Amino acid sequence: MVFSFYFSIIVTFICAMLSMSFYTLFERKALGYFQNRKGPNKVGLMGVPQPFADAIKLFSKERMFPKNANMMPFSVSPVFGLLLSLMMWSLFPHCYPSVLNKFGVLVFLIISSLSIYGVMIAGWSSNSKYALLGSLRGVAQTISYEVSMTLILLSPLCVYCCFNMNMFYRMIFSIPVILFYHLFFMWVVSILAETNRTPFDFAEGESELVSGFNTEYSAFQFAILFMAEYASIIVVSMLSVSFFFHSISMFNLTTVLLVTWCMVISFGFIWARGSFPRMRYDKLMSLTWKTFLPMSISVLIIVCPLFTLMI
């Protein structure tokens, strides 16, 4: 039993790393075609081994330390971020889950809230003004969207009536949660901010802060930060499918459809990066506090009594 548990976790983490590496290749290819140019196509057949070539390059480079950096937190923060991303992978509901957690949704919210600490520690420990400013932006951004993101998620949970994502397919009602389409679009914007992706990549802000919180990182530490970001994108896409695209009762989605929807949402991250410029920082604050928060509370006020009466 113990062996199968650890074996399941190891297989999950290996699959996470492989999917992350090929997702980076997919992003570079897609952005290339968006910009009317070719993506990576020199390494191997059509550039397919390019992620492995990049990994070898980054992990073989010399590791540089800033002179004034706080070495211990500076070294630990990339690993901390990657560990949190991999922990979220164990929550995704499937036939052979690594961890049977009846409070999976709560664990997801806790881990997603903790992820900002990796960004904050990385920026603070670098002792660089650019890195510190990027980390402070990330913290303020998290405070803004985490509240509305949790309230958006409460409406589907009122339908599911449980926190265990492996039990979402055993529903009482025959109403697809995707009917909350406006909540889904607000959720998409929130997860773009959650993963620090364009147009909400304020923690990096290359045009303003060099590279933001990861300015002072190089070699394999930068690679680990990179891996943590892209692993988070894929797992958040999968969990979004679980929250919003699970139908109820007679309309259960197959694994193929779940994977297809996950690919669609993951492609949306790339599409947003290729289409939108970086949003103004104060505009995001206004969007989350003045639009998303009132709308999510309004929907929750309607949904919660409705499904309580139906039960």
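Tabulated data
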quantity: Ser211 vs. criteria at pLDDT 80 or above, among the small types (Gly, Ala, Ser) and over 17 Å from Tyr160 (Cβ atoms); calculated: no
quantity: Any hit, segment 94-101, residues being at pLDDT 80 or above, under 27 Å from Phe244 (Cβ atoms) and not charged (D, E, K, R); calculated: no
quantity: Any chance Lys38 is loosely packed, with under 14 Cβ neighbours inside 10 Å, under 27 Å from Cys262 (Cβ atoms) and either modelled with pLDDT of 80 or more or of a type in the set (A, V, I, L, M, F, W, C) (or both); calculated: yes
quantity: In segment 211-225, the residues that are within 15 Å of Leu83 (Cα to Cα) and in contact with a Ser or Thr (Cβ under 8 Å, 6 or more places away or on another chain); calculated: Gln221
quantity: Members of segment 240-260 that are modelled with pLDDT of 65 or more and hydrophobic (A, V, I, L, M, F, W, C); calculated: Val241, Phe243, Phe244, Phe245, Val256, Leu257, Leu258, Val259
quantity: Pair list, Cβ under 7 Å, 6 or more apart: segment 102-126 residue over 19 Å from Cys162 (Cβ atoms), other residue of a type in the set (Val, Ile, Thr) and in a helix (DSSP H, G or I); calculated: Ile116/Val139; Ile116/Thr142; Met120/Val139
quantity: Those residues of segment 118-164 which are of a type in the set (S, T, N, Q), under 19 Å from the mean Cα position of the chain (by Cα) and within 26 Å of Val76 (Cβ to Cβ), in sequence order; calculated: Ser135, Gln141, Thr142
quantity: Residues of segment 220-239 classified as of a type in the set (Asp, Glu) and crowded, with 24+ Cβ neighbours inside 10 Å, total; calculated: 0
quantity: Condition broken by Phe92, with the remaining ones in (1) surrounded by fewer than 23 Cβ atoms within 10 Å (Cβ to Cβ); (2) of a type outside the set (A, V, I, L, M); (3) farther than 14 Å from Met165 by Cβ satisfied; calculated: (3)
quantity: Of all residues making up segment 16-47, the number that are closer than 15 Å to Trp89 by Cα and free of Cβ contacts under 8 Å to residues at least 12 places away in the same chain; calculated: 1
quantity: Helices (runs of 4 or more DSSP H) lying entirely in segment 49-145 (those with 2 or more residues that are closer than 18 Å to Val235 by Cβ and of a type outside the set (Ser, Thr, Tyr)); calculated: 71-89, 104-125
quantity: Residue in segment 60-74 that is closer than 25 Å to Ser112 by Cα, within 25 Å of the chain's Cα centre (by Cα) and crowded, with 17+ Cβ neighbours inside 10 Å present; calculated: yes
quantity: Pairs with Cβ under 9 Å, 6+ apart, first in segment 275-291 and farther than 26 Å from Gln35 by Cα, second surrounded by 15 or more Cβ atoms within 10 Å (Cβ to Cβ) and of a type in the set (Val, Ile, Thr); calculated: Leu287/Val189; Thr288/Val147; Thr288/Val189; Trp289/Val147
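The values are calculated or read from the model by the stated rules, or taken from the named source; none is laboratory data. In this text the structure is predicted, and so the values were computed from the model without any measurement. With ideal geometry, Cβ positions are generated from the backbone for all residues, glycine too; neighbour counts draw on all protein chains shown.
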